[in-house]
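What follows is a short report on a single structure.
The values are calculated or read from the model by the stated rules, or taken from the named source; none is laboratory data. Model, not experiment: these values are computed from the prediction. Positions of Cβ are generated from backbone atoms using ideal geometry, with glycine treated the same way; all protein chains shown enter the neighbour counts.
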């Protein structure tokens, strides 16, 4: 009996001390700095941040900062939140422009605030030169080009004439996606690339180019596009000739129009970077660094700047995607930090 | 007005000079037919007819503005915004509207409104057409982004879509509509006093004023007409692409001005007619089509168009008439 009382007493004591210490700890603010809430991509990003905040019990400390395209506003908003939280904050940031990442990093480094960035950063700036810049994460354009091309080629049985639309020539995303496409092309010897044009990421341009290409090569079996806006233009050009659904098309970005096209069987593949995951995981990793669950100084270089896996959407998983990402929101394990790690940026 | 300056010019140019653009178009077509037999097929012909609209309508509008001696850089914004107006009014994924073909009127009025604004800024505040229309172009683009939040508005009204993608037999409906607009414009330009006033003002505004022409009223009329045509083009574009999107008409300004220049309309004003715009838009469309048929590298295509444009201006402008090059 005494033993049991001692055990119960000890438990109560531990619990009490635990809760007191928990009360003593100031909650951490979660800052998300993105462009705006007006586009579906960043709206999903903010939703992801909210989902993480709820999971972490920091719902009331979750702050979304939108810069509406102004680099200066972004930096000022970040500074203001640092001041408001007395430095007790972590950030997940989509820098407005590459060069902004440096100004933001210098500011947060000074304030000893842990943060993570997505997409934009000057290539020659090393994250490992900073103590509080936990990670810079981006997505693999080459893999997007390669994977969508493979699905497209398989959809026509691995042989036949293919036409392709690049993005704006000279744009880095356009170049990288094209490299991925060319890699896939080499693996399919029976696929013949009859021609390619630069659609400048635009729907109308893609419509005109694909119309002309179909006049030049009426036996085109498939059309690869470097983004979804051009892919939807290609589909309309095919529709004008009664070929929509017969000649498969692929794109990248997962815009709503393209998701519908995949459901209708007019397109076969697109790629999503999963903005929910970006919004939640960015905060989760930064918070883990602050709490010491991730030891920043022990992370290898290739985990400071890395490429994350994106989601390839095809007719195989379109129902799952629509159910989880369009109609509902997916479930994430926010402590599985490296689940989508593919490779270091410099590898 | 027994003999206008235009008629004087016509006499000076002679048959070859007057029809240079048509001859060039015919030669281009013959050349392409020889290089790639696929050029001269019915399939490609109807492809070209499909691509001529709705760009032909904006080129026509630009033709009137250029003939009056001004320029209009609001094309992309006004076409884009009108297209968005159409997409919000027909059946779509974003709201419950279902106005069907009636929404074309709203597009026309949207375009007309901004066109009149262009003309008003020009005449009331004496802002050069270059700046006034550029500003209106930015405003309309901004409004378009604001109301759509940058997303395309997908339409689901298949009967409305027929004006952009339907066919009568094998002829695209959009092409028939475009030709209808060209015929009305031709009538306006050749058979009414308005057409003559436009050329007179473009030729020499001071003389036109001395002759008692109400220059401001004609200019506002020209910009209003151009705006209404952009509105119509926007409706067709939305029907053709299946969505209202502010990015959809990007490139239309260059292509409209380029078509007019290729057709032989002087950007210095006072010279040109409606058939020339038609020749120009066909030339530009066939050039683009031909470069793909010939397999010319996409890296040089835009450069080729630029060179041809400069060469055309060099060959067609009657430089003796122009004392100062601005």
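Look at the range A:223-245 and say how many of its residues are under 21 Å from residue A:271 (Cα atoms) and either facing another protein chain (nearest Cβ under 8 Å) or surrounded by fewer than 24 Cβ atoms within 10 Å (Cβ to Cβ) (or both). Total satisfying the criteria: 6.
Could you tell me whether residue A:33 is closer than 30 Å to residue A:347 by Cβ and at pLDDT 95 or above? It is true that residue A:33 is closer than 30 Å to residue A:347 by Cβ and at pLDDT 95 or above.
Scanning the range A:151-183 for residues that are under 21 Å from residue A:219 (Cα atoms), surrounded by fewer than 24 Cβ atoms within 10 Å (Cβ to Cβ) and within 14 Å of chain B (Cβ to nearest Cβ) returns a single hit, A:161. Scanning the range A:46-94 for residues that are in contact (Cβ under 8 Å) with a residue 60 or more places away in the chain, assigned to a loop (DSSP other than H, G, I, E, B) and buried (at least 20 other Cβ atoms within 10 Å of the Cβ) yields one hit, A:94.
If I ask for residues that are within 23 Å of residue A:241 (Cβ to Cβ) and part of a helix (DSSP H, G or I), which ones from the range B:48-63 would you list? Hits for the range B:48-63 are B:48, B:49, B:50, B:51, B:52, B:55, B:56, B:57. Right, residue A:214: within 14 Å of chain B (Cβ to nearest Cβ) and either crowded, with 18+ Cβ neighbours inside 10 Å or more than 24 Å from residue B:248 (Cβ to Cβ) (or both) or not? Considered against the rule, which asks whether it is within 14 Å of chain B (Cβ to nearest Cβ) and either crowded, with 18+ Cβ neighbours inside 10 Å or more than 24 Å from residue B:248 (Cβ to Cβ) (or both), residue A:214 comes out as yes.
Only one entry in B:163, B:153 is within 28 Å of residue B:282 (Cβ to Cβ) and buried (at least 20 other Cβ atoms within 10 Å of the Cβ), namely B:163.
Residue count for the range A:191-215 satisfying the condition of being in contact with a helix residue (DSSP H, G or I) (Cβ under 9 Å, 6 or more places away or on another chain) and outside any helix (DSSP H, G or I): 11.
Residue B:247 satisfies every condition listed in (1) away from chain A (no Cβ under 14 Å); (2) surrounded by fewer than 24 Cβ atoms within 10 Å (Cβ to Cβ) except (1). Taking the listed residues B:237, B:177, the one that is away from chain A (no Cβ under 13 Å), closer than 24 Å to residue A:241 by Cβ, under 16 Å from the mean Cα position of the chain (by Cα) and touching a residue at least 24 places away in the same chain (Cβ under 8 Å) is B:177, with no other qualifying. Give the residue that is surrounded by the most Cβ atoms within 10 Å (Cβ to Cβ), with candidates limited to residues of the range A:301-331 that are out of contact with any helix residue (DSSP H, G or I) (no Cβ under 9 Å at 6 or more places or on another chain) and in contact (Cβ under 8 Å) with a residue 12 or more places away in the chain. Ranking the qualifying residues of the range A:301-331, first place goes to A:306. Yes or no: the range B:209-219 includes at least one residue that is under 21 Å from residue B:62 (Cβ atoms) and surrounded by fewer than 16 Cβ atoms within 10 Å (Cβ to Cβ). Yes, there is a match, as at least one residue in the range B:209-219 is under 21 Å from residue B:62 (Cβ atoms) and surrounded by fewer than 16 Cβ atoms within 10 Å (Cβ to Cβ). With respect to the conditions (1) over 24 Å from residue A:121 (Cβ atoms); (2) touching a residue at least 24 places away in the same chain (Cβ under 8 Å); (3) in a loop (DSSP other than H, G, I, E, B); (4) out of contact with any helix residue (DSSP H, G or I) (no Cβ under 7 Å at 6 or more places or on another chain), residue A:346 falls short on a single one, namely (1). The residues of the range B:149-169 that are within 11 Å of chain A (Cβ to nearest Cβ), touching a helix residue (DSSP H, G or I) at 6+ places or on another chain (Cβ under 7 Å) and farther than 14 Å from residue B:242 by Cα amount to a single one, B:167.
Count of the range B:64-94 residues, restricted to those that are within 14 Å of chain A (Cβ to nearest Cβ) and part of a loop (DSSP other than H, G, I, E, B), is 2. Based on what the data block shows, is residue B:292 part of a helix (DSSP H, G or I), more than 12 Å from the chain's Cα centre (by Cα) and within 11 Å of chain A (Cβ to nearest Cβ)? Here the answer is yes, as residue B:292 does meet what is asked. One residue alone among B:262, B:284, B:278 is touching a residue at least 12 places away in the same chain (Cβ under 8 Å), surrounded by 24 or more Cβ atoms within 10 Å (Cβ to Cβ), within 18 Å of residue B:32 (Cβ to Cβ) and away from chain A (no Cβ under 14 Å), and that residue is B:262. For the range A:95-130, filtering for residues that are assigned to a loop (DSSP other than H, G, I, E, B) and more than 21 Å from residue A:52 (Cα to Cα) leaves 13.
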